[in-house]
Amino acid sequence: MGKFGKWVAGGLGWAVFGPIGGILGFALGSLFDTPEFAKTKRYSSTTTGSFAMTLLVLVAAVMKADGKVLKSELSYVKKYFIQQFGEDSAIEALQMLRNILNQNIPVDIIGQQIKQNLDYSSRLQLLHLLFGVAQSDGKVDTSELNVIYSISYNMGVSSKDFESIKSMFVADVDSAYKILEIDKSASEDEIKKAYRKMALKYHPDKVSHLGVDFQEQAKEKFQKVSDAYEKIKKERNIN
């Protein structure tokens, strides 16, 4: 078993219960009988293992949304897990993902389970990663967007935060303002205040409890907030 499997066995936490646990039980197969899992005495509420496995379930839901699983999506997921866990662990993750893709995924009740057990910053990180998968073929399909919205709504993510993260991947003329959750008519002081607020909300330290690997990934979202602020500053000639 690679590093990914060991993290799962030692830290699935709340994800082994409820609808997520039902889906993972089929996908993981004999993993639950490994020595690593048998030694697990207690689960923590939010761990790298539970976050990673929950991400796999949600990724499968997004990939299935438009009725076809694209090579570009699988490549994106593989690249992501290689970056986070290494080559061997990425192979394990993709094997699990293929099993999950064969199952029905009730995104509404899964979203509710996540809302009850995962902190808000980690839910925002999940949302950001799902948009990354959806955009891996160059665009976010309407069916994919609808599934991501349903997941977001049931996870308890606010509409403003949803639009903010969406605008990082689905660009329009007001994307920079939407990322900062402000109107285009906002004053200079309101823009600066919004940036400070969003920079704090999306700071990588907010997901430090998930481990260094996921904290590194969170920097991408944080950078997009900074880029949006710089774009507005340049347009508005703000010092």
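When the helices (runs of 4 or more DSSP H) confined to segment 79-187 are screened for residues that are surrounded by fewer than 21 Cβ atoms within 10 Å (Cβ to Cβ) and in contact with an Asp or Glu (Cβ under 6 Å, 6 or more places away or on another chain), those reaching at least 1 such residues are found at 142-154, 159-167. One residue stands out in segment 159-193 among those that are at pLDDT 90 or above and β-branched (Val, Ile, Thr): the one that is farthest from Gly138 (Cα to Cα), namely Ile191. Put simply, of Ile165, Ile109, Ile114, Ile82 the only residue that is outside the structural domain of Val16 (by TED's automatic domain parsing) and β-branched (Val, Ile, Thr) is Ile165.
Might you let me know whether segment 54-69 holds any residue that is among the charged types (D, E, K, R), under 23 Å from Val133 (Cβ atoms) and modelled with pLDDT of 85 or more?
Checked segment 54-69: at least one residue is among the charged types (D, E, K, R), under 23 Å from Val133 (Cβ atoms) and modelled with pLDDT of 85 or more.
Can you tell which of Ala134, Ala199 is assigned by TED's automatic domain parsing to the domain that holds Ile232 and among the small types (Gly, Ala, Ser)?
The unique qualifying residue is Ala199.
The values are calculated or read from the model by the stated rules, or taken from the named source; none is laboratory data. In this text the structure is predicted, and so the values were computed from the model without any measurement. Cβ atoms come from the backbone with ideal geometry, glycine included; neighbour counts cover every protein chain shown.
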